[in-house]
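> Pasting a structure here, questions to come.
The values are calculated or read from the model by the stated rules, or taken from the named source; none is laboratory data. Since we're looking at a predicted model, the values are computed, not measured. Neighbour counts run over all protein chains shown; Cβ positions are idealised from the backbone, glycine included. In case anyone asks, the SASA skips ligands and DNA or RNA and just uses the protein heavy atoms, side chains included. Shrake-Rupley method; radii C 1.70, N 1.55, O 1.52, S 1.80 Å.
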Amino acid sequence: MARENFNDLLAFVAVAREGSFTRAAAQIGISPSALSQTISGLEARLKIRLLARTTRKVSPTDAGVRLLATLAPRFEEIEAELAALSELRDKPAGTVRITASEHASNTVLMPTLAKFLPEYPDIKIEINSENRLVDIVEQRYDAGVRLGEQVAKDMVAVRIGPDVRMVVVGSPAYFAEHAPPRTPQDLTHHSCINLRLPTLGGLYAWEMKKGRRELNVRVDGQLVVNGVSQMLKASVAGLGLGFMLEDVVKDDVAKGRLIPALEDWSPTFSGYHLYYPSRRQPSPAFALLVEALRYRA
């Protein structure tokens, strides 16, 4: 295919990603009809249909899916390299998009950014806080933050926080009416506050560990929440037992509003890690941020 047809391939990637000629045309800066003609011309030259068109949406055919999987990463690499070249000046600049949980944002990212951003006024950081596990490549994030055990093996992972420990807690009022659990199996006789994780589509099983013994306990109770802050408030209110990071509950434990239980079964995880695709060419702004966040025990 001639070099002048690269624009046709870029047009195809835009339509396949957006699922709409109208949105893709607005993104590229041409009319939808002109974009449709471009795609038709590309399909004619390749002698294969790349997009299935209906009155409601546009989606790639099997051939289109294969071509998109091949083209998209390469165009992203080119875009990243051009962005890196444009930032080779006295002051690093650019926007870095990160997805992270609210707890990771508050405890790890924000303290570092409070020192980092004033030093680099031309760098912008966009943080999207959510509980679900996000595909950072598909959603076009520069990086994500997860506990070490949750990072995919094909990603570059940089530790940005210390090990974390999970703990079962209940309020004094709750334990005044219920004997504290002594084994993980005892949790099945307690009212526990469940956490629904969007990625799993179900309720989080409490991960307990003692030495080499590991148990995933399916708990039950009257309340299901989708955020840790809700679980914390419900636990303090005596609505049931909660299972949270020790860092989240430490102030309430110190003030006597919560009491830990099953501490010998409290598991430790390998802390928060910043992760990004191994093929990504870091921009100067991104490289500076990684070094600023890097955990140094």
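> Among the lysines, which fall within straight-line cross-link reach of residue 47, defined as a Cα-Cα distance under 26 Å, with same-chain neighbours fewer than 8 residues apart omitted?
57
> In terms of modelled amide H atoms, which long-range or inter-chain residues lie less than 5 Å from the amide H of residue 96?
124, 125, 126
> Using a 1.4 angstrom probe on the protein heavy atoms only, line up 99, 55 by accessible area, largest first. Walk me through the numbers before you get to the answer.
Values: 99 10, 55 145 Å².
Output order, biggest surface exposure first: 55, 99.
> Further question: Ordering 153, 233, 210 by accessible area with a probe of 1.4 Å, largest first, what comes out?
Working: 153 195, 233 155, 210 90 Å².
Output order, biggest surface exposure first: 153, 233, 210.
> While we're here: Roughly how many Å² of residue 127 are accessible to a 1.4 Å probe, to the nearest 10?
Rounded to the nearest 10, the figure is 50 Å².
> Would you mind computing, in nm to one decimal, how far apart the modelled labels at residue 74 and residue 179 are, each placed 7 Å from Cα along Cα→Cβ?
The two pseudo-label positions are separated by 6.8 nm.
> For the range 181-297, what is the convex hull volume of its Cα atoms per residue in Å³?
Numbers: hull volume 19.3 nm³, N = 117.
So the per-residue hull volume is 165 Å³.
> Give the carbon-plus-sulfur fraction of the accessible surface of the chain in %, rounded to a whole number; probe 1.4 Å, heavy atoms of protein chains only. List each step's numbers first, then the result.
Numbers: 8590 of 16750 Å².
Accessible surface attributable to carbon and sulfur in the chain totals 51 percent.
> Taking residue 91 as the anchor, which lysines have their alpha carbon closer than 30 Å to its alpha carbon, excluding any fewer than eight residues away along the same chain?
Residue 91 reaches 115, 124.
> Two-decimal Rg/Rh of the chain from alpha-carbon positions, Kirkwood Rh?
That ratio equals 1.09.
> Continuing with this model, one more query. Leaving ligands, DNA and RNA out of it, rank 146, 56, 140, 213 by accessible area with a 1.4 Å probe, largest first. Working shown, then result.
Values: 146 35, 56 230, 140 105, 213 140 Å².
Largest accessible area first, the list is 56, 213, 140, 146.
> Less than 21 Å apart at the alpha-carbon level, and either on another chain or at least 8 residues along: which lysines does that give for residue 255?
233
> How big is the accessible area of residue 97 in square angstrom, nearest 10, if you roll a 1.4 angstrom probe over the protein chains?
60
> On to the next question. With charges set only on the Cβ (+1 for Lys and Arg, -1 for Asp and Glu), what does the dipole of the range 12-96 come to about its Cα centre, in debye to the nearest 20? Show your work: numbers first, answer last.
On the way: 12 positive and 9 negative charges, 105 e Å.
It comes to approximately 500 debye.
> Okay, next question. How much accessible area per residue does the range 166-215 have, counting only protein heavy atoms and a probe of 1.4 Å, in square angstrom?
57
> Write down the accessible area per residue of the range 63-152 in Å², having rolled a 1.4 Å probe over the full set of protein chains.
Per-residue value: 57 Å².
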